[in-house]
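Right, one structure below, let's go through it.
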Amino acid sequence: MNEHERVTISDRRGFLGKLLGGALGLGLLGILSTVVAYIFPPHRRFATPVRQRQRVALLREIPPGKGKQVLFGGEPVWVLHLREGLIALSARCTHQGCIVQWDEQRGTFACPCHGGRFDAHGNVLAGLPTRPLPQLRAEVLQDEVYLARQEER
Amino acid sequence: MTPLRQLQALIQAEFRHPVPAHVGRWYLVGGWLLFLVALQILSGILLMIYYRPSPDEAYESVRYVMNDVRLGWLVRGMHYWGAHLLIVVLVLHLGRVYFFTAYRERELNWAIGLLLFGGVGAFAFTGMLLPWDQQAYWNADAVRTALEHVPVVGKFILELLWGGHELETGALLRFYIFHVGLLPWLMVMLLAVHLYLVNRQGLYSPSPFQGEGQGEGQSPASSRTYHDMLLEGLFLALLTFGGLLTLAVLFTPALGEPIDLLKPNPVHVPWYFLPALGFFRLVSPDFGIWLAGLGVLGLFLVPVLRVRGIALGLGALAVLGALALAVLGYLSQGGPP
């Protein structure tokens, strides 16, 4: 092997080494740029979704004729167990937003703030409110009560 | 020589040691696992940036990562496929140690390895629940039912993991804390002891085809050095990374349907839990728990009992049995998802 051939081999090794190093470096750069792109939050910010259906109570907690106040999506809701089945109504008075109370004896809702009254289906009976209480869909599954939103009446 | 050069020389000298002749390419599997663990930790940390561990937000936050976050689908894909590959490689590693009877005179490290194996199972289970989709909910529910049958500790574990008997906010938060907080620390600590013991006790284990008593020291040196082994390992890591990238791009893991309790239970468990599903379809949970417990105890005691021939036979039976149970489990859930 003469001097020229030896130089060529070492050149070739050096070149291949650089090529390999360059390829690995490019790969690492790709990984790094992916991570950087990922870390910076995207244009559309995350928004907490409204849960469509939520379990709010056990059926045995609401015996026939009784009512129970529950929370659905953070809002107070009355679930009544009437003869025709379960009925769920928003507990917010449609007048000023006070929480209405269920009057078991009379079978009506009474607003403590301005004396508004609603029947067991949320219809206005007396007082300042003009709109009925919004109704929600109540479903029973294996002794558990689920609430879901439904179009306002 | 500068201190840096000295260190470099020291490492180079260390790596120039020849590898014992019996140390074949199978021994790379442990290192391969280590690489996959590192990859899971890194991709997991990235996923933590956007994940929200509450039942109201978990599903949407995963969808957000998949649809809105730049290359979020790729990061989740790497984590997802990395987990699958990790389990495959872990089974290979365990099988290698078991069938080469490499656990001999390494009783403690064998036990630690088994604990790590269980830990990876716990990782897989808690991780599967985090997207909080239909499948997550019903699989968690199935395990809850199984745990209720575990005598003495079942109720305790249920309280600890589920935070009660309901799958609500508390349960998801607990699964999350186990997956990203508790388990990684436990595993890293166990892994450190595992590696320390491997290093201290040396690579031992002639293949079962060689005679007894051919431990290190007697084993002739091969022409391969540790430097060669490291290069092979790096090459394997590169291939693995490329493979996972390809899987993540071509088979991006889909997100299941959001939880809807009024829809029927989809019962689709991941492939690695199929043997367990088949097992509990075959035997009643009350009896099965005891049987499984006995099997696990047997595994821990294998190196102490010194019943090499029987252990090898039983091991082969167990592998065949697991395969048969997986098929049974697969058929019992009604075909592919």
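The values are calculated or read from the model by the stated rules, or taken from the named source; none is laboratory data. Here the structure is a predicted model, which means the values were calculated and not measured. FYI the Cβ positions are ideal-geometry reconstructions off the backbone, even for glycines, and counts take in every protein chain you see. The accessibility values were calculated without ligands, DNA or RNA, using every heavy atom of the protein model including side chains. Shrake-Rupley method; radii C 1.70, N 1.55, O 1.52, S 1.80 Å.
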In region B:1-98, which helices (runs of 4 or more DSSP H) lie fully inside it and hold 2 or more residues that are free of Cβ contacts under 8 Å to residues at least 24 places away in the same chain and buried (at least 19 other Cβ atoms within 10 Å of the Cβ)? B:58-67
Condition first: in a loop (DSSP other than H, G, I, E, B), away from every other protein chain (no Cβ under 14 Å) and open to solvent by 80 Å² or more (accessible area, probe 1.4 Å). Can you find one or more residues in region A:41-55 that meet it? no
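Can you tell me how many residues in region A:60-74 are more than 14 Å from A:PHE109 (Cα to Cα), under 24 Å from the mean Cα position of the chain (by Cα) and surrounded by 17 or more Cβ atoms within 10 Å (Cβ to Cβ)?
Narrowing region A:60-74 to residues more than 14 Å from A:PHE109 (Cα to Cα): A:60-64, A:70-74.
Still in the running and under 24 Å from the mean Cα position of the chain (by Cα): A:70-74.
Adding the requirement that they be surrounded by 17 or more Cβ atoms within 10 Å (Cβ to Cβ) leaves A:70, A:72.
Residues meeting the conditions: 2.
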Checklist (1) touching a Pro at 6+ places or on another chain (Cβ under 9 Å); (2) modelled with pLDDT of 90 or more applied to A:LEU82, failing item: (2)
Among the candidates B:ARG106, B:ARG52, residue that is more than 10 Å from chain A (Cβ to nearest Cβ), among the basic types (Lys, Arg) and farther than 16 Å from B:LEU230 by Cα: B:ARG106
When restricted to A:GLY25, A:GLY65, the only residue more than 11 Å from chain B (Cβ to nearest Cβ), of a type in the set (Gly, Ala, Ser) and part of a loop (DSSP other than H, G, I, E, B) is A:GLY65
Consider B:GLY170 against the criteria (1) within 30 Å of B:VAL65 (Cα to Cα); (2) outside any helix (DSSP H, G or I): it satisfies all of them except one. Which criterion is unmet? (2)
Only one of (1) assigned to a helix (DSSP H, G or I); (2) in contact with a Gly (Cβ under 7 Å, 6 or more places away or on another chain); (3) at pLDDT below 90; (4) open to solvent by 30 Å² or more (accessible area, probe 1.4 Å) is not met by B:GLU216, so which one is it? (1)
Here is a list: A:ALA120, A:ALA138. Which entry is closer than 23 Å to A:GLU61 by Cα, open to solvent by less than 40 Å² (accessible area, probe 1.4 Å), at pLDDT 85 or above and within 14 Å of chain B (Cβ to nearest Cβ)? A:ALA138
Selected residue [within 14 Å of chain B (Cβ to nearest Cβ) and open to solvent by less than 60 Å² (accessible area, probe 1.4 Å)] from A:VAL35, A:VAL100: A:VAL35
Can you name every residue in region A:112-153 that is over 29 Å from the mean Cα position of the chain (by Cα) and either in a loop (DSSP other than H, G, I, E, B) or of a type in the set (A, V, I, L, M) (or both)? A:PRO112, A:CYS113, A:HIS114, A:GLY115, A:GLY116, A:VAL124, A:LEU125, A:ALA126, A:GLY127, A:LEU128, A:PRO129, A:THR130
Residue check for B:ARG224: modelled with pLDDT under 85, touching a Ser or Thr at 6+ places or on another chain (Cβ under 7 Å) and open to solvent by less than 60 Å² (accessible area, probe 1.4 Å): no
Any residue that is more than 8 Å from every other protein chain (Cβ to nearest Cβ), part of a loop (DSSP other than H, G, I, E, B) and not hydroxyl-bearing (Ser, Thr, Tyr) - is there at least one of those in region A:70-81? yes
Kindly list the number of the only condition in (1) touching a residue at least 24 places away in the same chain (Cβ under 8 Å); (2) not in a loop (DSSP other than H, G, I, E, B) that fails for A:TYR38. (1)
